[in-house]
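The next block holds one structure in the form of structure tokens; read it before the comments.
The values are calculated or read from the model by the stated rules, or taken from the named source; none is laboratory data. No experiment lies behind these values; they were computed from the predicted model shown. Glycine also receives a Cβ, built like all others from the backbone with ideal geometry; neighbour counts cover every protein chain displayed.
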Amino acid sequence: MTDLSKLRACQSGPLTGRIVPPGDKSISHRSIMLGGIAQGRTIVRGLLEGEDVLATVAALRSLGATIVKQGDAWIIDGVGLENLREASDVLDMGNSGTSTRLLIGLLGARPMTSFFTGDASLRGRPMRRVIDPLSLMGASFSTREGGRLPLAVRGPTEAQAITYELPVASAQVKSAVLLAGLSALGETRVIERVPTRDHSERMLRAFGADLRVEKIPEGEVISVVGHPVLRGQTIEVPADISSAAFPMAASLLCEGSNVMLANVGMNERRAGIVESLLEMGASIEKTNERDICGEPVADLIVRGTGPLRGAVIPASRAPSMIDEYPALAMVAACAVGTSRFCGLSELRVKESDRLALVADGLTASGVRVEVEGDDLIIHGTGRPPAGGATIATALDHRIAMSFLVLGLATDEPIAVDDARPIATSFPGFTDLMRSLGAKIDEICV
């Protein structure tokens, strides 16, 4: 029989073709949430229809929004912020940390009680970083030890505006506080010393929120005024650069490849992966640069011209590419010389401890790897490693996809123990990669 949860990637020839990666997950989440709390109709095209985003859809439906798919568009008839209803059941967020943290922010400032849970991976992820600022605004919480799910939150009668300096560079925490600020009395301010992705700010403005960004010597202050009237919008979601990172890396590893990745979001606070690959000598050409719904977009032509060179990637770049480090690590494993990725503490609190899983998986595949504090050091030899490993993914979609990409270049196949989580962010990953010529097969057991 065939166990579809297990996949194996085998050495492939050059990859060729044109693909459109799935819609941006961050923008998809926010379009559903803001459409759900706006007045009037929001139309979203290009929505990522992965399990994480569908968890957000289900949550907003339970809070009163009407959300239906018509053809290639998702139609959202919002209820207005003040008319959100208390969900009649627990909000099961599956594997989605973004959905959970942002919705805790949105609902934790409303005068209602909400309950959150998720899968085993999500129940192990820290929520204290959003509980702390929401508590300052008047919310009360009941959680498992360490501020983990399952979680209950009761919002105050009137949330209080706060000024909050982010203790970690996190767009999710920033967004949670800004969403809570929509229900607060007065102006809520977030101080951000290290720039993080700004999709929330762009979209809140588009929906009509009174939001301002002020540059200060220490970074930025983002301010939002409470109780706005948000109006429905028409949104085109660009392709997710975090998903594009996998076919991009595969094209660079398979010499002779020539692949176009169309409609990729190139927000400067998300495009660190492209900057890093160019520093390593990658052939990546940006064409047809344009703006869609306030987000910069381009088509990327990626050519596999041979081994890249190792590079030192500074910690300051981590916020712009934190989800892309596993894919970049696969390229570094085949590069000439040593690469050092600095300041990866956030990788330890993702869907898994990605820093440990990347290091362990590369070691099992024949790569010399070291972890020093929060730095990952990869010693490339200028050719793909031996491979031949079965990788423990720990229910992490990005670990699964990264090592399948590496297996397209290694001498021996690389298998992953569970490919099912890939559907959380990149439904159709296997078929899309096969369309380019990648050899990825189900394992028969």
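In table form, for the structure just shown:
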| item | result |
| --- | --- |
| Answer from Ile216, Ile191, Ile235 - the residue that is surrounded by 24 or more Cβ atoms within 10 Å (Cβ to Cβ) and hydrophobic (A, V, I, L, M, F, W, C) | Ile235 |
| Residue check, Arg85 surrounded by fewer than 16 Cβ atoms within 10 Å (Cβ to Cβ), of a type in the set (Lys, Arg), assigned by TED's automatic domain parsing to the domain that holds Gln39 and under 23 Å from Gly226 (Cα atoms) | yes |
| Residue ID - farthest from Met321 (Cα to Cα), chosen from residues in the stretch 155-175 that are among the aliphatic types (A, V, I, L, M) and in a helix (DSSP H, G or I) | Val173 |
| Residue list for the stretch 64-82, restricted to those being exposed (fewer than 13 other Cβ atoms within 10 Å of the Cβ) and of a type outside the set (Val, Ile, Thr) | Lys69, Gln70, Gly71, Asp72, Glu82 |
| Single residue of Ala73, Ala38 found to be more than 22 Å from Asn95 (Cβ to Cβ), aliphatic (A, V, I, L, M) and out of contact with any helix residue (DSSP H, G or I) (no Cβ under 9 Å at 6 or more places or on another chain) | Ala73 |
| Residue that is surrounded by the most Cβ atoms within 10 Å (Cβ to Cβ) [pool: residues in the stretch 256-281 that are assigned to a loop (DSSP other than H, G, I, E, B) and touching a Pro at 6+ places or on another chain (Cβ under 7 Å)] | Ser257 |
| Some residue of the stretch 4-18 being assigned by TED's automatic domain parsing to the domain that holds His227, buried (at least 24 other Cβ atoms within 10 Å of the Cβ) and part of a loop (DSSP other than H, G, I, E, B) | no |
| Odd one out for Ala245, checked against (1) at pLDDT 95 or above; (2) more than 30 Å from Pro14 (Cβ to Cβ) | (2) |
| Within the stretch 328-358, considering residues that are out of contact with any helix residue (DSSP H, G or I) (no Cβ under 6 Å at 6 or more places or on another chain) and farther than 22 Å from Val274 by Cα, the one modelled with the lowest pLDDT | Val349 |
| Check on Gly265, of a type outside the set (Val, Ile, Thr), farther than 23 Å from Ala333 by Cβ and in the same structural domain as His379 (by TED's automatic domain parsing) | yes |
| Test result for Ser99, among the polar types (S, T, N, Q) and out of contact with any helix residue (DSSP H, G or I) (no Cβ under 6 Å at 6 or more places or on another chain) | no |
| Among the residues listed as Val224, Val190, Val229, the single one being assigned to a loop (DSSP other than H, G, I, E, B), among the hydrophobic types (A, V, I, L, M, F, W, C) and at pLDDT 95 or above | Val229 |
| Residues within the stretch 391-435 that are touching an Asp or Glu at 6+ places or on another chain (Cβ under 6 Å) and either within 17 Å of Ala359 (Cβ to Cβ) or at pLDDT 95 or above (or both), tallied | 3 |
| Given (1) assigned by TED's automatic domain parsing to the domain that holds Ala176; (2) touching a helix residue (DSSP H, G or I) at 6+ places or on another chain (Cβ under 8 Å); (3) in a strand (DSSP E or B), number of the condition His29 does not satisfy | (3) |
| Among the residues listed as Thr98, Thr113, the single one being among the hydroxyl-bearing types (Ser, Thr, Tyr) and touching a residue at least 60 places away in the same chain (Cβ under 8 Å) | Thr98 |
| Residue, nearest to Glu412 (Cα to Cα), within the stretch 353-379, restricted to residues that are among the β-branched types (Val, Ile, Thr) and surrounded by 23 or more Cβ atoms within 10 Å (Cβ to Cβ) | Val367 |
